[in-house]
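Have a look at the structure below before the remarks.
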Amino acid sequence: MRIIAIANQKGGCGKTTTAINLAAALGRNGRKVLLIDLDPQAHASLGLNIESQDSIYNVISGLTPRKLRLDNIIKRVENSFDIVPSNILVGTLEQELADEIGRELKLTEVIATVAGRYDYVLIDCAPSLGILTVNALRASHELIIPVETSRFSIQGVEHLLDIVNLVRDRLSHAIEARVLITMFDSRLRHSFAMLQTFKDKFSELLFDTIVHVNVKLKESAVMGQTVACYDKYSRGSKDYFTLSREIILAEKRDAAAPAAPAPAGQKAAQAQRAERVVSEVEPPAESPDEVQAFSRKMQAIIRDEVAEVKKLVPVTFVYPTPGARSVFVTGSFNDWSLDDNCRLKQVDGRWEAVVPLQPGLYKYQFIVDGVWKDDPANPRKERNSFGDINSLIEVKADA
């Protein structure tokens, strides 16, 4: 279960918008998601039309006459995700927990009661650096810092990273912090200038995805819906879906990472358990006839696989912008997914990737530093339902 705090003490940066729509996008990718509204303003709850007399206050507080468990207040938003609502009483927890021992672990203990039921827990933090935000950071493995492209946002990120370091040093809890550019207006030179400043200052922390200014994001909040539910073809919906794919990509990296070596005693115990399991489940020896039949079947499977591979045609995708930080190619050939297989590499001053494709007609776009772009070198294009341009490529068997 990945626990991600979404925090920034500066208001107006798209923090709650990100929490709501990222939760929905992760849900649409088949993940079970719980969104915890830890903001006393309860904007996430209000933005989803969730009204409840009870809130996370009734779970954490030791003074409330109506003490509840987390299960008692979870509300279903869509089939994709649930929410733990907030209300104005949550603000009183700052004072209530001030002198309490272990105050920074309260939320960690609460989340532990639903361990295993969700793939992701997202925490929409209060716009402050108080005890509630420290609780969220202590409970989380990751932190997303949404920022608009302004000078004041840089200072806000630096302050929040100081708190992350404090949590690491004082509470012995490391958090992976990432910065998400939101409310990006591509019509303004100032936006691109500030984007470059963020790249220079926080290059290793920036998400590739950029969330653009989109009126549908505001309209959906007014209607009490996620943007994907309100207008799934809008730019805002598309941006948050891309962000969710980028976050999910980390699951594959974590799964592929080698496990830490176990101590010698633990290795011996593991070996004994493995030998015991093998001896319990090892099937009886097969006869020579059974082995020969299996071998013939395996050869047939391999022949089919080789024939299928031979149908693939290597297609080279090229994007001519050497100054970009990252470039992906995605399209109908991979269900518009975003993974390392479609990441372009710099070759002789340009970005390039070879993708094996079966013969057919495909739509595709490049994602350059989080921005969706058509292929400037390909004249075959069509307008898509998102309002921007897809490039078209036809792959032939004799290419």
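The values are calculated or read from the model by the stated rules, or taken from the named source; none is laboratory data. All of these numbers come straight from a predicted model, not from anything done at the bench. Cβ: placed from backbone, ideal geometry, glycine included. Neighbour counts: every protein chain shown.
Filtering the range 89-104 down to residues that are among the β-branched types (Val, Ile, Thr) and closer than 13 Å to Ser61 by Cβ, which residue is nearest to the chain's Cα centre (by Cα)?
Per the criteria, the residue is Val90.
Those residues that are basic (Lys, Arg) and at pLDDT below 90, I need them from the range 226-244; list them, please.
The answer is Lys232, Arg235.
So which strands (runs of 3 or more DSSP E) are wholly in the range 1-81 and hold at least 3 residues that are touching a helix residue (DSSP H, G or I) at 6+ places or on another chain (Cβ under 7 Å)? Outline the logic, then answer.
Numbers: elements: 2-6, 33-37, 75-78.
It comes to 2-6, 33-37.
Which one of the conditions (1) more than 21 Å from Leu217 (Cα to Cα); (2) in contact (Cβ under 8 Å) with a residue 60 or more places away in the chain does Val90 fail to meet, given that it meets all the rest?
Among (1) more than 21 Å from Leu217 (Cα to Cα); (2) in contact (Cβ under 8 Å) with a residue 60 or more places away in the chain, Val90 violates only (2).
What tally of residues in the range 1-58 results from selecting those that are farther than 18 Å from Leu93 by Cα, charged (D, E, K, R) and more than 21 Å from the chain's Cα centre (by Cα)?
Selection size over the range 1-58: 2.
Scanning the range 122-163 for residues that are closer than 26 Å to Met1 by Cα and touching a Gly at 6+ places or on another chain (Cβ under 9 Å), which turns out surrounded by the most Cβ atoms within 10 Å (Cβ to Cβ)?
Ile145
Return a yes/no flag: does the range 333-346 have any residue that is modelled with pLDDT under 85, over 16 Å from Trp372 (Cα atoms) and touching a Leu at 6+ places or on another chain (Cβ under 8 Å).
yes
Could you tell me which of the residues Gly14, Gly62 is touching a Pro at 6+ places or on another chain (Cβ under 6 Å) and in the same structural domain as Ile181 (by TED's automatic domain parsing)?
Result: Gly14 is the single residue among Gly14, Gly62 that is touching a Pro at 6+ places or on another chain (Cβ under 6 Å) and in the same structural domain as Ile181 (by TED's automatic domain parsing).
Within the range 351-379, how many residues turn out to be touching a helix residue (DSSP H, G or I) at 6+ places or on another chain (Cβ under 9 Å) and over 24 Å from Leu205 (Cα atoms)?
10
Quick check on the range 360-388: of everything there that is in a loop (DSSP other than H, G, I, E, B) and modelled with pLDDT of 90 or more, which residue is nearest to the chain's Cα centre (by Cα)?
Taking the range 360-388 as the starting set, the residues that turn out to be in a loop (DSSP other than H, G, I, E, B) are 369-370, 374-380, 384-388.
Applying the additional criterion that residues be modelled with pLDDT of 90 or more yields 374-380.
Numbers: Asp374: 24, Asp375: 26, Pro376: 29, Ala377: 31, Asn378: 31, Pro379: 33, Arg380: 32 Å.
For the range 360-388, the residue satisfying everything is Asp374.
Could you name every one of the strands (runs of 3 or more DSSP E) located completely within the range 127-244 that has at least 3 residues being without any contact (Cβ under 8 Å) to a residue 60 or more places away in the chain?
176-184
Output yes when any residue across the range 27-49 is over 21 Å from Thr108 (Cα atoms) and aliphatic (A, V, I, L, M), and no when none is.
yes
Taking Asp340 as the residue in question, decide whether it is within 21 Å of the chain's Cα centre (by Cα), within 27 Å of Arg28 (Cα to Cα) and surrounded by fewer than 15 Cβ atoms within 10 Å (Cβ to Cβ). So that I can check it myself, show each step before the final result.
On the way: within 21 Å of the chain's Cα centre (by Cα): yes; within 27 Å of Arg28 (Cα to Cα): yes; surrounded by fewer than 15 Cβ atoms within 10 Å (Cβ to Cβ): yes.
Criteria met by Asp340.
Condition check: more than 27 Å from Ile36 (Cα to Cα), surrounded by 13 or more Cβ atoms within 10 Å (Cβ to Cβ) and not hydroxyl-bearing (Ser, Thr, Tyr). Does Phe184 satisfy that?
no
Which one of Ser191, Ser140 is in contact with a Phe, Trp or Tyr (Cβ under 8 Å, 6 or more places away or on another chain) and of a type in the set (Gly, Ala, Ser)?
Values: Ser140 fails: in contact with a Phe, Trp or Tyr (Cβ under 8 Å, 6 or more places away or on another chain).
Only one candidate passes the filter, namely Ser191.
Only one of these conditions is not met by Ile73: (1) free of Cβ contacts under 8 Å to residues at least 40 places away in the same chain; (2) loosely packed, with under 15 Cβ neighbours inside 10 Å; (3) under 22 Å from Gly27 (Cβ atoms). Which number is it?
(2)
Identify the single condition in (1) among the hydroxyl-bearing types (Ser, Thr, Tyr); (2) surrounded by fewer than 16 Cβ atoms within 10 Å (Cβ to Cβ); (3) under 16 Å from Pro127 (Cβ atoms) that Ser45 does not satisfy, given that it satisfies every other one.
Every listed condition holds for Ser45 apart from (2).
Residues being of a type in the set (Gly, Ala, Ser) and either in contact with a Gly (Cβ under 9 Å, 6 or more places away or on another chain) or at pLDDT 90 or above (or both): count how many of those fall in the range 8-41.
Residues in the range 8-41 being of a type in the set (Gly, Ala, Ser) and either in contact with a Gly (Cβ under 9 Å, 6 or more places away or on another chain) or at pLDDT 90 or above (or both): 5 in total.
Checking Met223 against (1) at pLDDT below 85; (2) surrounded by fewer than 22 Cβ atoms within 10 Å (Cβ to Cβ): exactly one of these is not met. Which one?
(1)
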